[in-house]
Number of protein chains: 2
Amino acid sequence: MEILYLAIAAGVVALVFAVLLTVQILKSDPGSEEVQAIGRAIQEGSMAFLSREYRLLAIFVVGMTIILAVFIDLDVLDKVPDTIAGDNEGVPKTAIAYLAGAIGSALAGFIGMTIAVRANTRTTVQAQRGLNSALRIAFNSGTVMGVSVVGIGLIGITVVYWIFKDANIIAGFGFGASSIALFARVGGGIYTKAADVGADLVGKIELGIPEDDPRNPATVADNVGDNVGDVAGMGADLFESYVGSIIATIALAAVGAGALGVDAPIEFHDNLFILPILIAAIGIFASIIGTFMVRTGEGANMGRLLWSLRTGIFGAGILVLIGTAISVTMLGLDFKLFWIVVVGLVAGQIIGTSSEVFTSYEYRFTRNLAETAETGPATVIIGGLGLGMLSTVVPAIVVVVAMWFANDLAGTYGVALAAVGMLSTLGITLATDAYGPVADNAGGIAEQAHLPPEVRERTDALDSLGNTTAATGKGFAIGSAVLTALALMAAYSVVVDNINEAKALEEGVAFVKISFDLSNVDVLMGLFVGSLTPFLFAALTMQAVGRAAMAMVNEVRRQFREIPGLLEGTADADYARAVDISTNGAMKEMVVPGILAVAAPIIVGAILGPEALGGLLIGSIASGFLLAVMMANAGGAWDNAKKYIEAGAHGGKGSEPHSAAVVGDTVGDPFKDTSGPALNILIKLMSIVALVFAPIFL
Amino acid sequence: MEILYLAIAAGVVALVFAVLLTVQILKSDPGSEEVQAIGRAIQEGSMAFLSREYRLLAIFVVGMTIILAVFIDLDVLDKVPDTIAGDNEGVPKTAIAYLAGAIGSALAGFIGMTIAVRANTRTTVQAQRGLNSALRIAFNSGTVMGVSVVGIGLIGITVVYWIFKDANIIAGFGFGASSIALFARVGGGIYTKAADVGADLVGKIELGIPEDDPRNPATVADNVGDNVGDVAGMGADLFESYVGSIIATIALAAVGAGALGVDAPIEFHDNLFILPILIAAIGIFASIIGTFMVRTGEGANMGRLLWSLRTGIFGAGILVLIGTAISVTMLGLDFKLFWIVVVGLVAGQIIGTSSEVFTSYEYRFTRNLAETAETGPATVIIGGLGLGMLSTVVPAIVVVVAMWFANDLAGTYGVALAAVGMLSTLGITLATDAYGPVADNAGGIAEQAHLPPEVRERTDALDSLGNTTAATGKGFAIGSAVLTALALMAAYSVVVDNINEAKALEEGVAFVKISFDLSNVDVLMGLFVGSLTPFLFAALTMQAVGRAAMAMVNEVRRQFREIPGLLEGTADADYARAVDISTNGAMKEMVVPGILAVAAPIIVGAILGPEALGGLLIGSIASGFLLAVMMANAGGAWDNAKKYIEAGAHGGKGSEPHSAAVVGDTVGDPFKDTSGPALNILIKLMSIVALVFAPIFL
């Protein structure tokens, strides 16, 4: 078990590194009083949101902890055979693990956001000096988030596993992480887009004032939104994928031994258990080293900066592969497992790159989309939706090929391990992702503090770089979510078999493995309902954004109407009121989709049985995956088509095509930042609910 | 086999009825010289399109006939066990059946369109007299289409079955019908929307001239589009569903005997064979009687007209149920089968009604959508997409429940029979559907011929009634497509089992039934690829519409620029050139999606095997179904939200909200009339390709 020490050590190193970076960020110049005042408003708004969100979630988490303790741990329905329950009964192990997962996820989001809302003003200040020092602060802030997520994740899993020594129990940890992630993504997503859409509709479209203009009452809410949605939400999402993939791999270790065709001595099993944890630990060190490879010498241009970020990611990837090769050899495992990790890492990169190709205006897809703006908003929308749908092809094929390859080499254990491989360098990939919102915020602050235009230009450059890495990151988040969800589904079927086998033994009847045969009408019904859930979930979240944005529009209009001198710039807007509107909207609107996601698998499992539940999971994964890719890429392409026009194409800012592109961008906002990303969590959450609640359905 | 005489008699009655109605329509006043001239332009455009389309399709059909003859009938790869092939080998039975299906489908489309382009001017003329006589002509034209489709379909299946006496061979007939349907839907859909979008973008949005204004060069093309897309395309679509459901039921008759738990004497099998044909024959008589129940006394208002149409449909449904109850009893079959037909009919009505509730501005969904137009086009688009996604819930649940019920009563045979039940009254449901485009055309002609405004008001009223029945019809088309596709998928698995069993017997090995277990990575890969195909197909067709519309926009702009006096109304537009642009666009653009649909199942079956192919079918059915419902309902709701505003809400015509709603309507055009409906055919076509080519993959 020395390996568990190593894992905890890696986690601690990650957290220490986060603390060191935090100190470095905080030491940096916080800027003029005006900049600090704006920063404080964003900090307060963000913290107010997070504290309200966490208080609401606390109710849900406590309720779910009790449900788990009663129905799973204490097994009051007496569903778990004694041979499996062992001495578990009586101790609320799953409930404890769940609580730990929820707290871990909340903590990761909290840390990331706390730093981000302090790094934003400091990035603005550094942007007055130059591009590179600004990038450094923003990237460091992202790194704090990245390493905190992996550090807390790995420590959490390891400790829970160490205490309970039971693969089934750590699923509870994943469920805890999922619950928080879902609400964080949905709540944060609704918040940020209500503010963004609300600010744009009145400010840019109706009144024609620029983005982030201090006269716009929704400006601060918009900045807060970047933090609660894109930082805390994204962190919680990937925290969940990260722990989910490791948990699934551990749960499938026993099956893996069979698939690898060995006569599985016990230690071989143990080593298959250990491998994902070890790869994760190696990944942490590799990511930290990778961040040092991100060198930003003064005078570098954008292409070089992007290349510098990539060097860090690729460097970390290569280090992970070297470490994995050594580990697999030293643990005496089949070298095939190394190739699976390669497949996972490469698949993640291809999916990410494909997102970039479809959404960056360096490539023809988005340029063609910008051209459709010449014939008005309708063709922009048709073009963007078509682009989004078309962009599902590469990710789907890559996932299918990766799945085939991993499964061929090591069965479902291989699929889970591929997800672990894909996510092994999360510490640094998340850093490149989470720095974007900080740069975005910095630009907003520069605008509000009336700093010279070159500051805004520099932050815009950083923001645009951030958009590229965010596109890659989104593709990556979806790809890893699918593999993780598939692995969790496989783990679910193993758990069902184990329980059924024990029951059959107890009752002296023959044991039959569960089958998810599509000729079985139960499976088919589950699959249809499962395919439906992402559509329903996306509909609910989009409509939620619509309603919350409408409330914001009315508030902004009201302020312009009722506050004399606001439009002329002689009076101040009531930012706090706008922040409040967004917060209330998000709190109210996140409940229904959240409950739906948790309840759907439980209801289907309870009413239609475990076979139908398997169908539900696969159906939701397949349709959720495609819908998520479509929404993310359509949204990204609309955003960048607008930016391309703003950069001077097709008449530039203020032209008819520009207005058309703004419509596309506004539609894309809830696509790419609310509904799309929330689908990632939906599919993972439903799989883990099935895994945790499996005994109930048998 | 007397029942086969009855079936053919029913088919002949249907065709005779069609001829009588045609004579009646042609006897009616063709109108002034000006009206007739416009009518001739539409006729010529429509026929030019159809003849080019059919010539292109002839190449495809001949090629496919040869492929079927060589690989299936002559079995050159020697894939079919001799015990199954029997004396089939050597005679290109499947190829002949295929050819018959293709010709039948083309014929049905041709007849429907030939009448529609003659009924349109006559409807305009009658609209000068009153609402009801206009409805009568238009509805009679729709009825010709409806009864031709069912008449040709039933005669075709019966004759092919009579000659070859082989359930596998008639699948070829379904495949022939599918091939034509796919190209007709896609080609017609691209044509109609390129013309519509092109006409609206320049005419309504850029120049602010009214819809159907004779100055707009795309006006005739727009009218032609209604005929080639909404008449010929819709007819081919439902022809395919109709024959597909009967074919699947016949193919599943043997399994049905098992599911009904009887010791199946041979005649019982035979009766299960006969039942779907009998119900179809009863349905034809019931539909014809139903059309006489559509009474339109002078002075009736719109509500009464709608009620009158419904009376016809419900009346026909009740007659079918009475006939089915008698048939089931007389054939000595289990009375459960009667309840399955009830379920099919009721499910179809619920799905249709749900489409109406989501898309009619009599209900709150579309009214709320109209309200989002107050905040501009972006919120209209977000709202419409949300509405479309939300509207998938009811149809999905209804299909799941109907599937469960039918399967519980009679296995997969039950599912197929439910589809037959749903489609039994197609003769009249299609009539209520196909009359809409005629009314739409009549309005366009009235506008172009400068008839008094009350004529246009009357045709608008008919058109609006047509929109309501079209929404119901679209829901109905999708629901029946899903049940049909599921039944065809079940038939595919039966065929695979039969071949495998025969092979196992030949080779003296144990026979194992095919399993589509989702734990099998092949099935899972197939499912992912299958879920992907509708997204890809929708993307390709939407982009095709975008490109074709862009060409039309440029042509219309060119004419306004280069023809002096056109905008002032002193010079004539070059309508023929615009018709040509749409035709060329449709011809060019329909090839790739068409080939994709046929090739995808063959490629997956050949490379990944028959299990993966099963996964592909289910994946495509699930995601295609939801996407189709979403697109159809979002499109319908946008259309009617615009009409609601035009009727005076939110500022009425010419207001800002109206422009926003027009954007929604334009996006909705390819949604509801091209991509959405084409998905129906995609899922059926892929299933039938799998069924016909099954031997190749084993």
Within segment A:121-227, helices (runs of 4 or more DSSP H) holding 2 or more residues that are within 30 Å of A:Val70 (Cα to Cα) and touching a residue at least 12 places away in the same chain (Cβ under 8 Å):
A:131-164, A:167-199
Among the candidates B:Thr372, B:Thr329, B:Thr359, B:Thr311, which residue alone is open to solvent by less than 10 Å² (accessible area, probe 1.4 Å) and among the hydroxyl-bearing types (Ser, Thr, Tyr)?
B:Thr359
Sort out which residues of segment A:344-394 are of a type in the set (A, V, I, L, M, F, W, C) and more than 14 Å from chain B (Cβ to nearest Cβ), and write them in order of number.
A:Leu345, A:Val346, A:Ile350, A:Val357
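Regarding segment B:235-243, can at least one residue be identified that is assigned to a helix (DSSP H, G or I), touching a Pro at 6+ places or on another chain (Cβ under 9 Å) and open to solvent by 10 Å² or more (accessible area, probe 1.4 Å)? Explain how you work it out, then say what you get.
From segment B:235-243, those assigned to a helix (DSSP H, G or I) are B:235-243; that's our starting set.
Next, only the ones that are touching a Pro at 6+ places or on another chain (Cβ under 9 Å) stay: B:237.
Remaining after also requiring open to solvent by 10 Å² or more (accessible area, probe 1.4 Å): none.
No, segment B:235-243 contains no residue that is assigned to a helix (DSSP H, G or I), touching a Pro at 6+ places or on another chain (Cβ under 9 Å) and open to solvent by 10 Å² or more (accessible area, probe 1.4 Å).
Among the candidates B:Gly652, B:Gly636, single out the residue that is free of Cβ contacts under 8 Å to residues at least 12 places away in the same chain and either touching a Gly at 6+ places or on another chain (Cβ under 9 Å) or surrounded by fewer than 24 Cβ atoms within 10 Å (Cβ to Cβ) (or both). Give the derivation first.
Working: B:Gly636 fails: free of Cβ contacts under 8 Å to residues at least 12 places away in the same chain.
None of the others qualify; the one that does is B:Gly652.
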Qualifying position, being charged (D, E, K, R), open to solvent by 10 Å² or more (accessible area, probe 1.4 Å) and assigned to a helix (DSSP H, G or I), among B:Lys672, B:Lys684:
B:Lys672
Say we look at segment A:567-599 and pick out the residues that are farther than 30 Å from A:Phe537 by Cα and free of Cβ contacts under 8 Å to residues at least 40 places away in the same chain; which of these is surrounded by the fewest Cβ atoms within 10 Å (Cβ to Cβ)?
A:Glu568
Quick check: is even one residue across segment A:633-652 within 24 Å of A:Gly594 (Cβ to Cβ) and either in a helix (DSSP H, G or I) or within 14 Å of chain B (Cβ to nearest Cβ) (or both)?
yes
Scope segment A:551-566; condition without any contact (Cβ under 8 Å) to a residue 40 or more places away in the chain and open to solvent by 50 Å² or more (accessible area, probe 1.4 Å); matching residues:
A:Asn554, A:Arg558, A:Arg561, A:Glu562, A:Pro564
Hits in segment A:395-405 (condition: crowded, with 22+ Cβ neighbours inside 10 Å and within 9 Å of chain B (Cβ to nearest Cβ)):
A:Ala396, A:Val399, A:Met403
Which of the residues that make up segment B:6-52 are over 21 Å from B:Val149 (Cβ atoms) and of a type in the set (Ser, Thr, Tyr)?
B:Ser28, B:Ser32
Check B:Asp75 against each of (1) on the phi < 0 side of the Ramachandran plot; (2) open to solvent by less than 50 Å² (accessible area, probe 1.4 Å) and name the one condition it does not meet.
(1)
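Does A:Lys653 qualify as being within 29 Å of A:Ala184 (Cβ to Cβ) and among the charged types (D, E, K, R)?
On the way: within 29 Å of A:Ala184 (Cβ to Cβ): no; among the charged types (D, E, K, R): yes.
The answer is no for A:Lys653.
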Is there any pair linking a residue in segment A:350-377 that is within 27 Å of B:Asn554 (Cα to Cα) to one that is basic (Lys, Arg) and part of a helix (DSSP H, G or I), with Cβ under 7 Å and at least six apart or on different chains, and which?
A:Tyr361/A:Arg367; A:Tyr361/A:Lys643
Filter result (open to solvent by less than 50 Å² (accessible area, probe 1.4 Å), more than 7 Å from chain A (Cβ to nearest Cβ) and in contact (Cβ under 8 Å) with a residue 12 or more places away in the chain) within segment B:502-522:
B:Ala502, B:Lys503, B:Ile514, B:Asp522
Right, A:Gly444: of a type in the set (Gly, Ala, Ser) and within 14 Å of another protein chain (Cβ to nearest Cβ) or not?
no
Those residues of segment A:353-390 which are touching a His at 6+ places or on another chain (Cβ under 8 Å) and not aliphatic (A, V, I, L, M) amount to A:Glu371, A:Glu374
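Here's the yes/no breakdown for (1) aliphatic (A, V, I, L, M); (2) over 19 Å from the mean Cα position of the chain (by Cα); (3) crowded, with 24+ Cβ neighbours inside 10 Å:
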residue: B:Gly436; (1), (2), (3): no, no, yes
residue: B:Asp440; (1), (2), (3): no, no, yes
residue: B:Gln448; (1), (2), (3): no, yes, yes
residue: B:Arg458; (1), (2), (3): no, yes, yes
residue: B:Leu462; (1), (2), (3): yes, yes, yes
residue: B:Lys474; (1), (2), (3): no, no, yes
residue: B:Ile478; (1), (2), (3): yes, no, yes
residue: B:Ala485; (1), (2), (3): yes, no, yes
In segment A:645-668, which residues are modelled with pLDDT under 90 and either among the charged types (D, E, K, R) or over 27 Å from A:Glu374 (Cβ atoms) (or both)?
A:Glu646, A:Lys653, A:Glu656
Contact list, first residue from segment A:313-337 and free of Cβ contacts under 8 Å to residues at least 24 places away in the same chain, second anywhere and aromatic (Phe, Trp, Tyr) and assigned to a helix (DSSP H, G or I), beta-carbon distance below 7 Å, six or more apart or interchain, is A:Ala325/A:Phe338
Residue selected from segment B:523-552 under the condition more than 7 Å from chain A (Cβ to nearest Cβ), closer than 30 Å to B:Asp497 by Cα and small (Gly, Ala, Ser), by the criterion farthest from the chain's Cα centre (by Cα)
B:Gly526
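The values are calculated or read from the model by the stated rules, or taken from the named source; none is laboratory data. These numbers come from a predicted model, not from an experiment. Glycine gets a Cβ as well: all are built from the backbone with ideal geometry, and neighbour counts include every protein chain shown. Accessible surface areas use protein heavy atoms only, side chains included; no ligands, DNA or RNA. Shrake-Rupley method; radii C 1.70, N 1.55, O 1.52, S 1.80 Å.
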